[in-house]
Structures are given as structure tokens and as C-alpha cells.
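**Q** Below is the structure I would like to discuss, written out as C-alpha cells.
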Amino acid sequence: MRSFSLPLLAVLLSSNLAFANDIVILNGRVIDPETMFDAIANVAIKDGRIVAITNEPITGDETIDATGHVVAPGFIDTHYHAVDIFATKMALRDGVTTGMDLELGAFNVKGWYDEKEKNGWQVNYGTTTGLNLARMAVHDPEAGMSAPADFSVATPIIAKAAADGTPGWSVTKSSIDQMNQVMQILDEDLRQGALGVGAGVAYMATGNTSYELFSAQKAAANYNRLTSVHTRYHLNQDTPTEAPIAFDEIFANAMLLGAPLLMAHNNDYGWWEIEEKLQLAREKGLNMWSEYYPYAAGSTPVSAAFLRPETWKDKYGYKYEDTLYDPIADAYLTDETYAELVKNNAGRSVVVFFPYRNEWMPNWLTMPHMTLASDAMAGVGDDGELLPWDADWTEYRGHPRTSGTRGRTFRMAREQGVPLMFTIAQASYWVAKHLGDTGIVAMQERGRLQVGKIADITIFNPETITENSGFKVGEHGIPTTGIPYVVVNGIMVVKDSEVLPVKPGQEIRFPVEPEGRFEPIVVEKWLNKHTIGLNPDLLKIHLEDDSGAGKLLNSED
Ligand SMILES: [Zn+2]
């Protein structure tokens, strides 16, 4: 009605249309995990919200016939590096209504939200503040960081940060001054509404001391917000770098701080131990959970610390030619091409195969509160550059999880006999529940198919939904099928399996606060607080330990 130019006519009409719905979804199987509602019903949407779920006939400006389809709360992705327009389009075909990179996060969070608001976005968006990026700003001034940054622009930044021969953010331990600078960046981003702190610790396993990681978790805990962590060690079952030990590091910190914790992609060695501990933590009332993505292959920048020969080859016993695939070159790496790529294109994303995951995967599909998160990668083409919105699906070069995570999970769940209610909880409800419980209001209103909640809705055919993407060139970005309609904030974004050029995405963010909460670490203050102060020199000696804390506390600056 907005286009009517005659005010009188508009008034006359609006009296009749006061209760007209924007969209009605008819005869679908409506599933809501929070209330365990599962029945055929009609759903009405108006002004961005669900206003009715009923068996009565209803009408609206637009009608979706959902016969034979499930009407589910829109899928929420907490591990979504695909923060660019083409990858977002792939995600929409996969049923995503909210996509957030809580692992790597962003730098300059205020600017990041400002840009998204200015340009508009197709799905709901939010971010953590990124510890890796904050360390880049402090340790790699040559990276020239000041503009907002996230994974979509990370490739050249990672390369720049390594251009002087040392990726300082990855390998350099912070002095107290540097650590304070890093924490100040995190605090400012948290003040600006970041959803928590994201820490890709494996990428800086030797540079990021345990004390700095503890401090980063404290920075988030100061605001009662979560830390999302890619743990320091994984892919490994040898002590002392056994995967769950790295989990224990962040787990103990979060428990002591009483802070929420999201274990990023728990699809590696020791996942069973980690899930058992997370279940115990939840029984104690702690807000902690993990994610999985349903692939026996990962994807990561080629310069990742754990891929270096001394770790990947010498310690883990892998060969590059068996495990590392460059989707852009469409070839497995060799010792030579690996070294070349690290030198010339440190930020290039490669695919890493872990065949043993196939045996574990059926368990993840049945693990309560383990949420589905794609770890989707940026939407780049064969030149490594971001693709335009209207690029062909076949042009995408990257991990097929970017386009197929939900299609693949629902297809496998169907074959495995997992109840739809359960998989929808993994894809939508538990994500919203845990995030909402950290205080994010926008998440308390999503992930639920209930009257009054925000109308983020994914409509799929449970019998046919499937991924179509694969690891061969040309197949990486072929979209999921069986999800003909996706509604974001009451606006249809996918219609008849086509992505429409509309941008109804809203920010997922904490309110901006007037004051930061940053308190620098000062040696004298620390000693006054934690000792009785009789012999500080002796204490300094005892603080010399492997964590790096002693070195920090004893440093002169
Ligand atoms: Zn990761």
C-alpha cells in the first residue's frame, strides 16, 4: 500500500486492511523445538513477526503453499566466515537466516556494524571482536589495520602481516604493554556491542600465551559475554598437545570467570571427552556448548600454524599431497607448492582432509546442544578474489560446506533416522537459546517458531532436502535444494528457490555502552593484590613458568 499517493484512499483502505498479513504460509508442518510443537498449521507474518499459528484459514499479501514442507525457525550459524555477498547468497539457499563469524570475529566492530547497516545485508549479521585481528593490529603494524576487517578481507591482511618474514600476531608473545594494547582493543569493541571475544588460538598457538588467552576471556567476561575458541591444539591425541587439554584451558577459564563459552567446531580428536564435560557444565547451570560441521575435511589459511612441516608432517605424520587441497589451483599441494604458497600467498584458504571424521559424524548428528555451524569460507573465485552477487554458482572455489552444510546435515539425519525436531534444534533453537542466554535480546526472539517471535523462517522439504556441492571444481558452490522459501525479518528472501535482491538483515548486537571496562595489567598492582608483598623478587622467580605469565610479569616495560 506504500505506493498509493492519495492519502484519503489509503486511509479508507487501511481501515479494511488493518489486520491484513504480509505473508501467510499455508498447510506446512510447523516445528518448534522450544515448545515441542509439531503439527500441520497456517502461519501468518506481519511487520516482521509471527502473528498467528492457526488451523483457521488466513490470507495475506503473499501466500506460500507449504504443503509437504516443514516450516522451521530460520537456521542460525555461529561460525560463518562467509561474510561477503556471494557466500551469503549460497547460505540463503542453505536456509540460513542469521550468519555470524564468532570465531575469527572482526576488528573495529563499530565500523563493521556501521558498514553493514549502510550497505544492507541479506541475512542477520553480528560479530565478536577478534583476538587474532587485535594481535595483528599490535604486533604487525605493517598490516596497517584501522578500517573494519573480517574474514572476507583477511587474505590480503594475513599476507601483509607476514610480509616482513614474521607473522607477529601468530608467533610473537606480547609484553605487558602489548597485551594491554590488545585487551584495550577488545574492550573497545565489546563496548561497541560485540557479541563476545573470538579466539583462533590454534593459529597463534606459540605466540598467544595462556595468560593472554585468560585475559581475553576476562575481557569478554567483564561484559558477561562469551568467548568462542578454536582451541590451541587439536587434530592430535599425543600428550601434552592432546586436543582436550587445549579445551581444558578455555574451559577452566570460563568456569572460573562464570562466563559463557562456545567451543568452535568440536569435530576433532577428543570430541567425546569435550562433549561429556560440556554436558556436565550445563548440568551445573553454565552456558557452554559446541558446534560441528558435517564434513571430513576442514578449510583454513595455508599459513595456519598447525600445517607447518614440523607439526603437520613431523609430529602428526601427514603428507601434504594426501591431505592438503588447493581449491583454486584444483590440485593437492606438495612440499614445494606448500612452501611456495605460504611464502607468496599466506592468506590463501586450502582444504584439509581428515577421513577419520566420517566414523564420528553420525554421533554429532545425535548430540544434544551440539549446534550446527558451517565454518563457511569466503565466496572467492578462481583468482582468489570475492565473487559478485550475481556470479554463477560454479565459479565458487572453496570448501563445499559454504553452500551445503544444512542440506547435507538434514539429508544425513534423514538417512540416519534422526527426528526432525532434533536436527532443527541443532540448526536453530539451541543456537538461539545459548546466545540468548548470554543476554543477546535479538537471539531471545529468534530460533523459535512461535507467535510474537521474529519471523525468520526456513521452509524445506524433509524428503528431498540435500546438499549438491562437492570437492570437485565447479561443484564447490552448487546450492542446496529442497529449501524453496526463506523469510528473514518477515521479508521473503528466497522464493521458489531463487534468492531475491532484498536486504532485510538486522544487526545482532549488544547495546553500545557509554564507558569501557578496560583495566590495564600493572605489575605492582598485581603483586599487591595476589601476594602479601614480603618478597616480590622471590615471587617473580616462581612466576617463571611455561605459560608465559612469569615472563610477562617480570618484563621491564
Ligand atoms: Zn576454526
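**Q** Sort out which residues of the range 183-215 are within 16 Å of the ligand (Cβ to nearest atom) and on the phi < 0 side of the Ramachandran plot, and write them in order of number.
**A** If the condition is that a residue be within 16 Å of the ligand (Cβ to nearest atom) and on the phi < 0 side of the Ramachandran plot, then Val197, Gly198, Ala199, Gly200, Val201, Ala202, Tyr203, Met204, Ala205, Asn208, Leu213 are the ones that fit.
**Q** Something else now. Under 7 Å by Cβ, and 6 or more places apart or on different chains, what pairs join a residue from the range 353-376 that is over 18 Å from Phe75 (Cβ atoms) with one that is in a helix (DSSP H, G or I) and open to solvent by 50 Å² or more (accessible area, probe 1.4 Å)?
**A** Pro362/Gln416
**Q** Do we find a residue being within 16 Å of the ligand (Cβ to nearest atom) and in contact (Cβ under 8 Å) with a residue 40 or more places away in the chain anywhere in the range 165-180?
**A** Within the range 165-180 (the criterion being within 16 Å of the ligand (Cβ to nearest atom) and in contact (Cβ under 8 Å) with a residue 40 or more places away in the chain), the answer is yes, since at least one residue qualifies.
**Q** Ok, one more. Taking the conditions exactly as written (at pLDDT 95 or above and over 16 Å from the mean Cα position of the chain (by Cα)), does Asp22 satisfy them or not?
**A** Judged against the criteria, Asp22 is a match.
**Q** Let me ask something else about it. Name the residues in the range 102-133 that are touching a Ser or Thr at 6+ places or on another chain (Cβ under 6 Å) and in a loop (DSSP other than H, G, I, E, B), would you?
**A** Gln122, Val123
**Q** Further, regarding this structure: Somewhere in the range 486-493, is a residue within 27 Å of Leu190 (Cβ to Cβ) and at pLDDT below 95?
**A** Checked against the condition, which is being within 27 Å of Leu190 (Cβ to Cβ) and at pLDDT below 95, the range 486-493 yields no hits at all.
**Q** Could you tell me how many of the residues in the range 216-248 are in a helix (DSSP H, G or I) and either within 16 Å of the ligand (Cβ to nearest atom) or of a type in the set (A, V, I, L, M, F, W, C) (or both)?
**A** Residues in the range 216-248 being in a helix (DSSP H, G or I) and either within 16 Å of the ligand (Cβ to nearest atom) or of a type in the set (A, V, I, L, M, F, W, C) (or both): 8 in total.
**Q** Tell me the residue from Thr438, Thr458 that is out of contact with any Cys (no Cβ under 7 Å at 6 or more places or on another chain), within 24 Å of Asn42 (Cα to Cα), away from the ligand (no atom under 16 Å from the Cβ) and not hydrophobic (A, V, I, L, M, F, W, C), please.
**A** Just a single option satisfies the conditions, and that option is Thr458.
**Q** Which number in (1) in a helix (DSSP H, G or I); (2) under 21 Å from the mean Cα position of the chain (by Cα) marks the one condition that Gly99 misses?
**A** Every listed condition holds for Gly99 apart from (1).
**Q** Something else: Report the residue count in the range 267-283 for those that are in a helix (DSSP H, G or I) and within 16 Å of the ligand (Cβ to nearest atom).
**A** 2
**Q** Follow-up question, since we're still on this one. Show me the strands (runs of 3 or more DSSP E) entirely contained within the range 284-394 in which 3 or more residues are within 16 Å of the ligand (Cβ to nearest atom).
**A** Answer list for the range 284-394: 288-292, 297-301, 349-353, 370-372.
Yes or no, residue by residue, for (1) open to solvent by 10 Å² or more (accessible area, probe 1.4 Å); (2) modelled with pLDDT under 95; (3) under 14 Å from Arg135 (Cβ atoms); (4) polar (S, T, N, Q):
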residue	(1), (2), (3), (4)
Gln192	yes, no, no, yes
Leu226	no, no, no, no
Val229	no, no, no, no
Pro240	yes, yes, no, no
Ala243	no, yes, no, no
Phe247	no, no, no, no
Gly258	yes, no, no, no
Ala264	no, no, no, no
Tyr269	yes, yes, no, no
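**Q** Based on what the data block shows, is Tyr325 in contact with a helix residue (DSSP H, G or I) (Cβ under 7 Å, 6 or more places away or on another chain) and either open to solvent by 50 Å² or more (accessible area, probe 1.4 Å) or among the aromatic types (Phe, Trp, Tyr) (or both)?
**A** In short, no.
**Q** Please work out which residue is surrounded by the most Cβ atoms within 10 Å (Cβ to Cβ), limiting yourself to the range 426-453 and to residues that are over 17 Å from the mean Cα position of the chain (by Cα), more than 16 Å from Leu226 (Cβ to Cβ) and not acidic (Asp, Glu).
**A** Within the range 426-453, the match that is surrounded by the most Cβ atoms within 10 Å (Cβ to Cβ) is Leu449.
**Q** Being open to solvent by less than 60 Å² (accessible area, probe 1.4 Å) and part of a loop (DSSP other than H, G, I, E, B) is the filter here; which residues of the range 523-533 pass it?
**A** Residues satisfying the conditions are Thr531, Gly533.
**Q** In the range 141-150, which residue that is open to solvent by 20 Å² or more (accessible area, probe 1.4 Å) and assigned to a helix (DSSP H, G or I) is nearest to Val302 (Cα to Cα)?
**A** Once the filter is applied, the top-ranked residue is Glu142.
**Q** Something else about it: Given the conditions (1) open to solvent by less than 10 Å² (accessible area, probe 1.4 Å); (2) out of contact with any strand residue (DSSP E or B) (no Cβ under 9 Å at 6 or more places or on another chain), report the number of the one that Pro73 does not fulfil.
**A** Unmet for Pro73, out of (1) open to solvent by less than 10 Å² (accessible area, probe 1.4 Å); (2) out of contact with any strand residue (DSSP E or B) (no Cβ under 9 Å at 6 or more places or on another chain): (2).
**Q** A further question on this structure: Scan the range 509-524 for residues that are modelled with pLDDT under 95 and within 15 Å of Leu186 (Cα to Cα) and jot them down.
**A** Glu519, Pro520, Ile521
**Q** Right, next: One residue is enough: does the range 347-356 have a residue meeting the conditions of a type in the set (D, E, K, R) and at pLDDT 90 or above?
**A** no
**Q** Any idea how many residues of the range 78-129 are within 15 Å of the ligand (Cβ to nearest atom) and free of Cβ contacts under 8 Å to residues at least 24 places away in the same chain?
**A** Adding up the residues that qualify gives 0.
**Q** Name every residue in the range 262-278 that is under 21 Å from the mean Cα position of the chain (by Cα) and touching a residue at least 40 places away in the same chain (Cβ under 8 Å), in order of residue number.
**A** Leu262, Ala264, His265, Asn266, Asn267, Asp268, Trp271, Glu275, Leu278
The values are calculated or read from the model by the stated rules, or taken from the named source; none is laboratory data. Note that the structure is a prediction, hence the values are computed from the model and not measured. Cβ: placed from backbone, ideal geometry, glycine included. Neighbour counts: every protein chain shown. Calculation scope for accessible area: heavy atoms of the full protein, side chains included, ligands and nucleic acids excluded. Shrake-Rupley method; radii C 1.70, N 1.55, O 1.52, S 1.80 Å.
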